[in-house]
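Below: the structure, in structure tokens.
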Amino acid sequence: MTKLNLKGVTRQELVQHLAGIGKERYRADQIIRWLYLQRVKDIDKMSNLSLSCREHLRGFSFVGQLELVKEQISQDGTRKFLFQLADGHTVETVLIAEKDRLTLCISTQVGCRMGCRFCLTGGSGFERQLSAAEIIDQVIQVAEIIAPESQGRGPITNIVLMGMGEPLDNFDEVVKALEIFMYDDGMQFSHRRLTLSTCGLAPEIIELGKRIYVSLAISLNAADDALRSELMPVNRRYDLAQLLAACRTYPATNQRRITFEYIIFAGLNDSLEDAERLAELIGNMPAKINLIPFNEHPELPFKRPEHQRIVDFVNCLQRHGMTVMTRRSKGADISAACGQLREAVTAGQV
Ligand code: SF4
């Protein structure tokens with residue numbers, strides 16, 4: 001029998017397992033606290049469980065651990081971790097400090113099958129899905145590394161599902177992980193502090209809105225179908241009209257707006273006409289724009305626009321009443337764009 005990694009098991013699933021051997025419901029709450037608040041590494045450390053309960057747990061489950069393979073620290077303080085999974089695959093997790101936030105960017109797949117042209121992960125293909133346990137353990141391990149004396153999520157304030165992989169292409173495990181992140185006797189993330197970023201799987205966006213509420217970010221990057229299809233093959237499956245129709249079903253309001261991420265590339269999507277099209281496309285939605293000047297990389301053919309070009313683009317959007325944030329590039333010296341640490345280790349560069 002394959003044993004279950006306890007870290008990805010929901011409260012409801014635990015209750016069902018324990019009921020099968022006549023154990024009370026509150027035992028599930030105790031296990032949740034040991035796993036996500038105390039961050040125990042061993043079932044035997046769950047000292048308020050009876051011996052028979054611990055023996056039963058050991059019979060069908062274990063507490064898995066990701067193994068840290070490599071850590072890099074950028075000059076701006078951004079930290080990037082490469083974790084090894086039990087089968088030898090590796091994933092990246094990036095910790096970004098900004099003002100009063102400490103945001104962890106986590107991965108949801110090994111590789112990715114979406115093939116976005118500007119992304120190293122997309123270029124290296126899809127290997128496998130991460131389990132909920134492997135998604136959650138990135139947070140637990142980083143909390144343990146940066147604040148071993150802390151409990152739960154430690155000083156990490158926000159989670160973004162924006163690392164390797166398309167989260168909605170691993171729907172069930174991702175939803176399970178989000179549910180567990182929000183346990184108020186565990187890691188205690190509020191839905192406002194959890195952001196899921198998608199390249200635009202329209203049916204799954206609709207389904208997500210029905211299942212769980214977290215902040216939604218759409219990796220948009222172009223305001224016309226021809227360019228978006230060129231940059232992001234997913235647009236040939238779900239074009240802009242389908243994507244925006246799905247976004248309109250998501251429970252967003254002016255207080256809880258959808259973020260549209262727009263990586264701005266020199267000579268491709270950085271003209272004033274592009275800005276006008278973008279404003280027209282999403283201007284009537286509860287939306288904000290996160291403008292991301294492209295982080296140049298030798299293996300990718302794209303360039304970052306000149307500073308003034310970006311300023312003009314932002315000014316144009318603001319004249320149309322849009323809320324725009326321009327993200328400063330973090331961790332550029334350690335290739336903090338998704339997939340770049342894994343690529344560098346694979347290539348023996350770090
Ligand atoms: S940008 Fe995201 S969705 Fe696109 S290929 Fe990269 S990891 Fe996948």
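What are the residues in segment 21-57 that are in a loop (DSSP other than H, G, I, E, B), closer than 17 Å to ILE180 by Cα and in contact (Cβ under 8 Å) with a residue 24 or more places away in the chain, if any?
GLN38, ARG39
Within segment 179-199, does at least one residue satisfy the condition of being among the hydrophobic types (A, V, I, L, M, F, W, C), within 16 Å of the ligand (Cβ to nearest atom) and not in a strand (DSSP E or B)?
The first filter runs over segment 179-199 and keeps only residues among the hydrophobic types (A, V, I, L, M, F, W, C), leaving 180-182, 187, 189, 194, 196, 199.
Still in the list and also within 16 Å of the ligand (Cβ to nearest atom): 196, 199.
Still in the list and also not in a strand (DSSP E or B): 199.
Yes: segment 179-199 contains one or more residues that are among the hydrophobic types (A, V, I, L, M, F, W, C), within 16 Å of the ligand (Cβ to nearest atom) and not in a strand (DSSP E or B).
Any idea how many residues of segment 220-240 are part of a loop (DSSP other than H, G, I, E, B), in contact (Cβ under 8 Å) with a residue 24 or more places away in the chain and more than 15 Å from the ligand (Cβ to nearest atom)? Working first, answer last.
Of the residues in segment 220-240, the ones part of a loop (DSSP other than H, G, I, E, B) are 220-224, 232-233, 238-239.
This time we only want the ones that are in contact (Cβ under 8 Å) with a residue 24 or more places away in the chain, so: 220-224, 232-233, 238.
Narrowing further to those that are more than 15 Å from the ligand (Cβ to nearest atom): 223-224.
Within segment 220-240, residues that are part of a loop (DSSP other than H, G, I, E, B), in contact (Cβ under 8 Å) with a residue 24 or more places away in the chain and more than 15 Å from the ligand (Cβ to nearest atom) number 2.
Restricting to segment 171-215, count the residues that are touching a strand residue (DSSP E or B) at 6+ places or on another chain (Cβ under 9 Å) and small (Gly, Ala, Ser).
Final tally of qualifying residues: 5.
Every residue, every condition in (1) near the ligand (Cβ under 10 Å from one of its atoms); (2) within 20 Å of ILE159 (Cβ to Cβ); (3) out of contact with any His (no Cβ under 6 Å at 6 or more places or on another chain); (4) assigned by TED's automatic domain parsing to the domain that holds PHE171, yes or no:
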site: VAL91; (1), (2), (3), (4): no, yes, yes, yes
site: THR103; (1), (2), (3), (4): no, yes, yes, yes
site: SER107; (1), (2), (3), (4): yes, yes, yes, yes
site: VAL110; (1), (2), (3), (4): no, yes, no, yes
site: ASP137; (1), (2), (3), (4): no, yes, yes, yes
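For segment 279-298, enumerate the residues that are within 19 Å of ALA266 (Cα to Cα) and part of a strand (DSSP E or B).
Those that are within 19 Å of ALA266 (Cα to Cα) and part of a strand (DSSP E or B): ILE289, ASN290, LEU291, ILE292, PRO293.
Just the residues that are hydroxyl-bearing (Ser, Thr, Tyr) and either within 19 Å of GLU92 (Cα to Cα) or surrounded by fewer than 19 Cβ atoms within 10 Å (Cβ to Cβ) (or both), please, taken from segment 149-193. Give the derivation first.
Let us first name the residues in segment 149-193 that are hydroxyl-bearing (Ser, Thr, Tyr), namely 150, 157, 183, 190.
Those that are hydroxyl-bearing (Ser, Thr, Tyr) and either within 19 Å of GLU92 (Cα to Cα) or surrounded by fewer than 19 Cβ atoms within 10 Å (Cβ to Cβ) (or both): SER150, THR157, SER190.
Within segment 63-161, considering only strands (runs of 3 or more DSSP E) that don't extend past its boundaries, which have at least 1 residues that are more than 14 Å from the chain's Cα centre (by Cα)? Spell out how you get there, then give the answer.
Numbers: elements: 67-73, 79-84, 90-98, 101-106, 109-111, 126-129, 158-161.
Where strands (runs of 3 or more DSSP E) fall fully within segment 63-161 and carry at least 1 residues being more than 14 Å from the chain's Cα centre (by Cα), they are 67-73, 79-84, 90-98, 101-106, 126-129.
Out of all the residues in segment 204-219, which are without any contact (Cβ under 8 Å) to a residue 60 or more places away in the chain and within 16 Å of the ligand (Cβ to nearest atom)?
So the first thing to find is which residues in segment 204-219 are without any contact (Cβ under 8 Å) to a residue 60 or more places away in the chain, and the list is 204-216, 218.
Those that are without any contact (Cβ under 8 Å) to a residue 60 or more places away in the chain and within 16 Å of the ligand (Cβ to nearest atom): GLU204, ILE205, LEU208, LEU216, ILE218.
For ILE145, are the conditions met, namely being touching a Lys or Arg at 6+ places or on another chain (Cβ under 9 Å) and assigned by TED's automatic domain parsing to the domain that holds ARG193? Please lay out each step first, then the result.
Values: touching a Lys or Arg at 6+ places or on another chain (Cβ under 9 Å): yes; assigned by TED's automatic domain parsing to the domain that holds ARG193: yes.
Yes, satisfied.
List the pairs whose first member sits in segment 76-90 and is crowded, with 20+ Cβ neighbours inside 10 Å, whose second member is of a type in the set (D, E, K, R) and in a loop (DSSP other than H, G, I, E, B), and whose Cβ atoms are under 8 Å apart, counting only residues at least 6 apart or on separate chains?
THR78/LYS330
Here is a list: ARG117, ARG128. Which entry is surrounded by fewer than 17 Cβ atoms within 10 Å (Cβ to Cβ) and within 12 Å of the ligand (Cβ to nearest atom)? Lay out the reasoning, then the answer.
Values: ARG128 fails: within 12 Å of the ligand (Cβ to nearest atom).
Sole residue among the options that is surrounded by fewer than 17 Cβ atoms within 10 Å (Cβ to Cβ) and within 12 Å of the ligand (Cβ to nearest atom): ARG117.
The values are calculated or read from the model by the stated rules, or taken from the named source; none is laboratory data. Predicted, not measured: the structure shown is a model, and the values here were computed from it. Glycine gets a Cβ as well: all are built from the backbone with ideal geometry, and neighbour counts include every protein chain shown.
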